[in-house]
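Colleague: Pasting a structure below so you can have a look.
The values are calculated or read from the model by the stated rules, or taken from the named source; none is laboratory data. Everything numeric in this text was worked out from a predicted model, so none of it was measured. Counting neighbours? That spans all protein chains shown, and the Cβs are built from the backbone with ideal geometry, glycine included. Heavy atoms of the whole protein, side chains included, go into the accessibility calculation; ligands, DNA and RNA do not. Shrake-Rupley method; radii C 1.70, N 1.55, O 1.52, S 1.80 Å.
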Amino acid sequence: MSMEKKKVLILGANGFIGSSLVWKILKQTNYDVVGFDISDGKLSNVLGRDRFTFCKTDVLKNKSDVEQAVKDCDIVLPLIAVATPALYVKDPVKVYNLDFESNVEVIKMCLKYGKRVVFPSTSEVYGMCPDEAFDEYESPLVLGPIPKERWIYSCIKQMLDRLIWAYGKHEGLSFTLFRPFNFIGPRLDDIKAKAEGSSRVITQFAHNILNGKPIKLVNGGLQKRCFTFIDDGVDCLVRIILNKDGCADGKIFNIGNPDEEHSVKELAEVLIREFQNYPEYAQLAKDAVIETVSGDDYYGQGYQDAQRRVPSIEQAKSILGWAPTTDFKTSIKLILDYHLLGKDYEAGL
Ligand code: UGA
């Protein structure tokens, strides 16, 4: 592919989105990537590759290194953030410090050095929005009362969206905001993590099946999500990064799979069924028990939930020519292949 060569800085390159994105950029473009992260466990496929430079460091403690890296690159993705709902309730101050304060500094650096920022907003900004499908430019952002601490993450991301938008419209910052809708994939969370609630729902359920623990449906599990396979998600992100003819400048994009809306209960049932395709684990799946638990008991009283969350992806379709291609069952198969067979779809470049 012939394109002007650029350098992309990814802060939080070892995260779920970061690690898959590094691989995808190297695979699909001629761009150079610089990654910063405190650890590198998810980067084995890309470490040592030609166009990838990795800096193992704590971004929070090495601000001058970050500033130098921002100066030296063309595009910045500040992906460092807590994005696990249990933590919004248990440690909202930590969420604030990491998700808000440290990212504001990076955004200001982008403004200072005239760099383009591609920033992760979130599906959570829509909160309990009643719209059938959420529209980036029309839908209201609906949050619960202050004691419902779950919404701190959404509120922080909304404030960052508004700050970036303001810098863009009034001070010339070049930016794109993107909103992932329940991305799922092999590297989402650590399937071995023991604490209940330390993972997003799909990894938590897989962990529970593997370890003979009951699957817990919070408030009955009738709430729905649109599950989006990570490879589709990062494919859209690469289009945003390439920014053909400036098409993504100053825009907001939902990235999600509106055709794959499933309840949490359905997710548990499909997962149990799919597990049975792996002979070594079939019995564990047959023995799996499903229970119901209240949100208060599972997460604490600061928890409140979104019942539905469906993206409109018209912006991404019409401007970026993007649409998701991986269905729910295939996504689950690829995730289980990784955890149960050690098979990685992200092999080779
Ligand atoms: C997620 C997280 O906030 C972020 O990762 C992200 O910004 C955003 O949404 C997104 O990925 O779009 P949520 O959708 O609530 O929030 O993510 P999960 O923790 O995966 O929970 C999904 C649903 O499963 C919730 O209704 C939760 O109550 C339920 N759940 C979770 C259970 O029923 N049982 C469990 O053991 C865990």
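Colleague: Leaving out ligands, DNA and RNA, and with a 1.4 Å probe, what % of the accessible surface on the chain is carbon or sulfur? Mind dumping the intermediate values first?
Modeller: Numbers: 7430 of 14930 Å².
Answer for the chain: carbon and sulfur cover 50 percent of the accessible area.
Colleague: Report for the chain the percent antiparallel among DSSP-assigned beta bridges with both residues inside it, nearest 5.
Modeller: On the way: 3 of 36 bridges.
Antiparallel: roughly 10 percent of the beta bridges in the chain.
Colleague: Can you divide the C-alpha Rg of the chain by 2.2 N^0.38 Å and report the result to two decimal places? List each step's numbers first, then the result.
Modeller: Working: Rg = 19.6 Å, N = 349, 2.2 N^0.38 = 20.4 Å.
Here the Cα radius of gyration is 0.96 times the empirical estimate.
Colleague: Something else about it: Quick one: net charge of Leu60's neighbours, Cβ under 10 Å, K/R +1, D/E -1? Before the final figure, lay out the partial values.
Modeller: Details: positive: Lys61, Lys63; negative: Asp58, Glu101, Glu105.
Summing Lys/Arg as +1 and Asp/Glu as -1 gives -1.
Colleague: I'd like the distance separating the alpha-carbon centroids of the stretch 155-219 and the stretch 226-261, in whole Å.
Modeller: The stretch 155-219 and the stretch 226-261 have Cα centres spaced 16 Å from each other.
Colleague: Roll a 1.4 Å probe over the protein chains and send me the accessible area per residue for the stretch 7-341 in Å². Let's see the in-between values first.
Modeller: Numbers: 13810 Å² over 335 residues.
Accessible surface, normalised per residue, equals 41 Å².
Colleague: Test of understanding: in a Gaussian network model of the chain with alpha carbons linked when under 10 Å, which of Thr84, Thr203, Thr325 would top the mean-square fluctuation ranking?
Modeller: Thr325
Colleague: Can I ask one more? Helix 328-341: angle to the longest alpha-carbon principal axis of the chain, degrees 0 to 90, nearest 10?
Modeller: 80 degrees
Colleague: Separate question: Go ahead and estimate [θ] at 222 nm for the chain from helices alone: -39,500 (n - 2.57) per DSSP H run with n ≥ 4, summed, over the residue count, rounded to 500.
Modeller: Values: 13 runs with 134 residues, N = 349.
The helix-only estimate for the chain comes to -11500 deg cm²/dmol at 222 nm.
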